[in-house]
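S.K.: I'd like to ask some things about the structure below.
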Amino acid sequence: MTEKRDYYEILGVARDADKTILKKAYRKLAIQYHPDKNPDDKQAEDRFKEASEAYEVLTNDNKRHIYDQFGHQGLEGAGHSGPSGFEDIFSSFGDIFEDFFGFGGARGGRGTRVQRGSDLRYNMSIDFMEAAFGTEKTISIPKLTMCDECGGNGCRPGTQAQTCAHCHGSGQFIQNQGFFKVKTTCPYCKGRGGVISDPCPKCVGAGRVEVSRKVQVKIPAGVDVGSKLRLTGEGEASPSPDGPAGDLYVVINVKPHKFFQRDGSDIICAIDISFAQAALGDEITVPTLVGEEKFTIPKGTQFGDSFRLRGEGIASLRSGRRGDQIIKVVIKTPTKLTGKQKELLKQFDKLDANKISNKLKNLFKNM
């Protein structure tokens, strides 16, 4: 079996190349080795598939991370086998070929265009605790859905569209551009293949109407600011009666907590303690995400010292493993003292051989 070549070498890019550079490199190779430009050329076909697989892996953040760490064997262990043929390649890189050759979208097969509904975005704000433990929300989304009066064909019930005289019902024009045959949407029937003479009174021939739909959104534990949840098929209906609906992307914003801050899967909190507690040590009660927990402050704790409560953080979206709670100690200096407290502190100060003023005197003596 022939050993696979390095993906970065295939595309001719550096290992730190961003997606813009990857796309430019792949575009050049795709045009050079495209099967329509190289008919019956097995070597060109192999190079085309090879470049497509390299591009597919390196533009996927998760796959690229695995490949950079473990190479081809790591991807095989994760279940990646690459595009299996031209149908797989064309379906995987529809957006690329739209940029290159002027067509794209979902396809029922090579050359059969199916219009897909538009994707929608919804910005959702949730509380810190909801992000930590997950929750379920019901949202209302205004979107275009298939007209139930005409079934999406745009015609008044009992009538039908007339075959478009320009594209003869195909919904597409085929144009020759150099080595390529490019299919574009018919501008006369807008890709429908027919012309509506008696439109549906409800959707006025559009085949879609705008409604407000309630959608249940399950938010997993561990989401953070900027997390995106994809709800397949919850976007707008396709302009074509038989086309797939778009997707709904829910973008998460997490409200700040009054006590906890987040750092990845860890949470951070600041605890105030007294000078005596820092010097002598003490057992205190610390708030956690699930309640309260006893924690021992060790003797001689200094300002800014940090301690960890293992497993008391937030669950990772990928592994499910919970992070830690980091406790930052803040030693509070009292501003109001009684006469007795002042006297005791003065006595302590006289007995303190390590106080800063003594150290400074010794330093200047040595100088």
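Quick note: the coordinates plus some simple rules give every number you see, no bench work behind them. The shown structure was predicted, so the numbers you read here are calculated from the model rather than taken from an experiment. Glycine also receives a Cβ, built like all others from the backbone with ideal geometry; neighbour counts cover every protein chain displayed.
S.K.: Quick query: amide H of residue 147 versus all other amide H atoms, modeled in the peptide plane; which residues come in under 5 Å with a sequence gap of 5 or more or a different chain?
M.R.: Under 5 Å from the amide H of residue 147 lie the amide H atoms of 152, 208, 209, each far enough along the sequence or on another chain.
S.K.: Still on this structure: Filter the chymotrypsin sites (Phe, Trp or Tyr not before Pro) in the stretch 128-231 down to the DSSP loop ones having no more than 14 other Cβ atoms within 10 Å, then list what survives.
M.R.: Qualifying residues, ordered by number: 179, 188.
S.K.: Distance from a point 7 Å along Cα→Cβ of residue 65 to each backbone N in the stretch 212-251: keep the residues under 13 Å and list them by number.
M.R.: Residues passing the 13 Å test: none.
S.K.: Right, another one. List the residues, sorted by chain then number, that are 5 or more residues from residue 268 or on another chain and whose placed amide H is less than 5 Å from its amide H.
M.R.: Result for residue 268 returns 261, 262, 263, 326.
S.K.: Still on this structure, I have one more. Give the order of 227, 238, 140, 316 when sorted by the count of other beta carbons within 10 angstrom, beginning with the fewest.
M.R.: Ordered from fewest to most neighbouring Cβ atoms within 10 Å, 227, 238, 140, 316 come out as 140, 316, 227, 238.
S.K.: In whole Hz, with x marking every Gly and Pro, tabulate ³J(HN,Hα) for the stretch 147-157 from phi via Karplus 6.51 cos²θ - 1.76 cosθ + 1.60, θ = phi - 60°.
M.R.: With coefficients 6.51, -1.76 and 1.60, one gets 5, 7, 6, 10, x, x, 8, x, 9, 4, x Hz.
S.K.: DSSP loop (so not H, G, I, E, B), at most 13 other Cβ within 10 Å: list which trypsin sites (Lys or Arg not before Pro) in the stretch 289-344 pass both filters.
M.R.: Within the stretch 289-344, the qualifying trypsin sites (Lys or Arg not before Pro) (loop, at most 13 other Cβ atoms within 10 Å) are 299, 310, 318, 321, 336.
S.K.: Another question about this same structure. Which whole-Hz couplings ³J(HN,Hα) result when phi for each residue of the stretch 319-334 is put into the Karplus expression 6.51 cos²θ - 1.76 cosθ + 1.60, θ = phi - 60°, listed in order with x for Gly and Pro?
M.R.: 9, x, 6, 7, x, 10, 9, 9, 9, 9, 8, 10, 8, 8, 8, x
S.K.: Still on this structure, please answer the following. Taking the Cβ-Cβ separation of residue 343 and residue 270 as r and a Förster radius of 35 Å, what is the calculated FRET efficiency to the nearest 0.05?
M.R.: 0.65
S.K.: Continuing with this model, one more query. Tell me, what HN-Hα J-couplings in whole Hz come from the Karplus equation 6.51 cos²θ - 1.76 cosθ + 1.60 at θ = phi - 60° for each residue of the stretch 189-202, using x for Gly and Pro?
M.R.: Couplings: 10, 6, x, 6, x, x, 10, 8, 9, 10, x, 5, x, 7 Hz.
S.K.: In the structure displayed, which of 258/336; 228/255; 19/63; 4/42 lie more than 23 Å apart, Cα to Cα?
M.R.: Distance filter (> 23 Å) returns 258/336.
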